[in-house]
Amino acid sequence: RAGRLPNGVALEDPPDFRALGLRPGDRADLGPEGIRLPSVGLAIDLSGARPWNPGLASLRGRADPARLGPFGDLGVASGFGPRAEDRWRGWQAIDALRCALGAGDLAAMLGAAGALIGRGPGLTPSGDDLLVGFSATLTATGLPFARPFARGVAERAWGATTDVAWAYLDHAARGEYAENVQAVLQALLMGSEGDLAIAVGRALAWGATSGADALTGIALGVGWSDQASLEAVA
């Protein structure tokens, strides 16, 4: 359900890795045609896998924030939850990031992003997932400071969040994003309302809150001005 991911392998019928004894932090030996997991004696043959390029090209379109409006009634909670219940103080940092984006102030944007790194629940904290969606939007819309922003975030995230979250931010610094994130942006900038509904639905099914958090970042990146609607989408 996560779709294809940068530095990931999509399996049609994955085994129960925990039942096999695999644990986070176990060694994985990566080769050109497979992955070996010596702790459990497992080898994954990738010789017949179909490669995928996670690079996101600039779509040079201008997103209309109103197009995300129909999804505001989904009521899917992000990891930060409603503003009034946000014990992570994530919405405070989101407000700062939105103001910095409106001013076109890269330094202020990075400062606000720093307050989101590693913040929130999950294997990939909500703040990191949000920043991935946000930076993907900057890239897709062709903003000149998109790549410097993503690089700056990855630099700040090193050692400040989980390994998995940092990997996503590191790939974002190279312009590489998850398939579900790309699909939402493609539909938002160039697709029909039906395409957008399908893409958003798939994104929301990603992880416990990862899809909702990334979608919040996308909404923020397109310049959403209605705080109540943004929280509803999140």
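The values are calculated or read from the model by the stated rules, or taken from the named source; none is laboratory data. Fair warning: this is a prediction, and the values are worked out from it, not measured in the lab. Cβ atoms come from the backbone with ideal geometry, glycine included; neighbour counts cover every protein chain shown. Ligands, DNA and RNA are stripped out before the accessible areas are found, and what is left, the full protein with its side chains, is counted by its heavy atoms. Shrake-Rupley method; radii C 1.70, N 1.55, O 1.52, S 1.80 Å.
Couple of notes before you dig in:
Rundown of residues vs (1) in a loop (DSSP other than H, G, I, E, B); (2) open to solvent by 50 Å² or more (accessible area, probe 1.4 Å); (3) not hydrophobic (A, V, I, L, M, F, W, C), yes/no style:
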residue: Ala2; (1), (2), (3): yes, no, no
residue: Ala66; (1), (2), (3): no, yes, no
residue: Ser78; (1), (2), (3): yes, no, yes
residue: Ile94; (1), (2), (3): no, no, no
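One line per residue, one yes/no per condition, for (1) in a helix (DSSP H, G or I); (2) open to solvent by 10 Å² or more (accessible area, probe 1.4 Å); (3) hydroxyl-bearing (Ser, Thr, Tyr):
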residue: Ala108; (1), (2), (3): yes, yes, no
residue: Ser135; (1), (2), (3): yes, no, yes
residue: Pro144; (1), (2), (3): no, yes, no
residue: Phe149; (1), (2), (3): yes, no, no
residue: Glu155; (1), (2), (3): yes, yes, no
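- Enumeration of residues in the stretch 110-133 that are among the small types (Gly, Ala, Ser), surrounded by fewer than 24 Cβ atoms within 10 Å (Cβ to Cβ), touching a residue at least 24 places away in the same chain (Cβ under 8 Å) and part of a helix (DSSP H, G or I): Gly114
- The set of residues from the stretch 157-183 being outside any loop (DSSP other than H, G, I, E, B) and closer than 17 Å to Val200 by Cβ comprises Glu179, Asn180, Val181, Gln182, Ala183.
- Considering residues of the stretch 26-61 that are touching a Leu at 6+ places or on another chain (Cβ under 8 Å) and closer than 25 Å to Ala150 by Cβ only, the residue surrounded by the fewest Cβ atoms within 10 Å (Cβ to Cβ): Gly61
- A single member of Ala205, Ala167, Ala160 is surrounded by fewer than 24 Cβ atoms within 10 Å (Cβ to Cβ), touching a residue at least 12 places away in the same chain (Cβ under 8 Å) and farther than 17 Å from Arg119 by Cα, and it is Ala205.
- Looking across Leu11, Leu20, one residue alone is under 19 Å from Tyr177 (Cα atoms) and either part of a loop (DSSP other than H, G, I, E, B) or open to solvent by 80 Å² or more (accessible area, probe 1.4 Å) (or both). It is Leu11.
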